[in-house]
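The values are calculated or read from the model by the stated rules, or taken from the named source; none is laboratory data. Note that the structure is predicted; figures quoted are calculated from it, not measured. Counting neighbours? That spans all protein chains shown, and the Cβs are built from the backbone with ideal geometry, glycine included. Calculation scope for accessible area: heavy atoms of the full protein, side chains included, ligands and nucleic acids excluded. Shrake-Rupley method; radii C 1.70, N 1.55, O 1.52, S 1.80 Å.
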Amino acid sequence: LWFRDVDLEMPQRHGRGHAPLFQDGRMFVEGISALRAVDAYNGRNLWEFPLPKIQSAYNADHLNGTAVTGSNFCVASSVFVHDKERCYRLDAATGKKLGEFSTPKHTGGEPGQWGYIACDGKLLFGTLANPQHRVRYAYVRADMSEMWGESKTFFALDAVTGKLLWRYDAV
């Protein structure tokens, strides 16, 4: 219905960055340093949430990108986006931060980092990423040290409060 150039700095296509998501007439687009909501029918910017260097690792040639890592954001009743350290719950209409969630700690007690993320509206599913598992470059040499495609723990949080409801630790 509309077309205009995006004025949000985007990672180049060979980095295989995060794909836009759509819900209720809004398109959620992640650039190199922000998440933005756009009116899907007229292209008007609705809001922007700063996430410094969130997709910097995806801004390179011939990476495996999200084919390995999966996306770092999802949308259900709210928009959820993580920067590996924290997951932010944002109001889909306004971009207002409604919550900030940490992962559960690893079994040894050390803090975890977000990997996979999904939400069904009531439960926020996540994984503890395994930073020791490094993906190799696919075509040309590229730094994929920040692209983690393996996890050690699967868990569910209450999507509103962030309270841990259950977890499963791989043996």
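Overview of values
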{"read-out": "For residue 130, distant residues with modelled amide H under 5 Å away", "value": "150, 151, 152"}
{"read-out": "Magnitude of the charge dipole, the chain, Cβ model with Lys/Arg +1 and Asp/Glu -1, debye to 20", "value": "200 debye"}
{"read-out": "20 Å Cα-Cα reach of residue 152 towards lysines, excluding residues that sit fewer than 8 places from it in its own chain", "value": "84, 105, 163"}
{"read-out": "Space enclosed by the convex hull of the alpha-carbon atoms of the chain, per residue, Å³", "value": "112 Å³"}
{"read-out": "Average projected area [Cα convex hull, the stretch 24-118], square nanometres", "value": "7.2 nm²"}
{"read-out": "Apportionment of accessible area to carbon and sulfur, the chain, percent (1.4 Å)", "value": "52 percent"}
{"read-out": "Contour excess over end-to-end distance, with Cα ends at residue 132 and residue 171 and 0.36 nm allotted per residue", "value": "12.4 nm"}
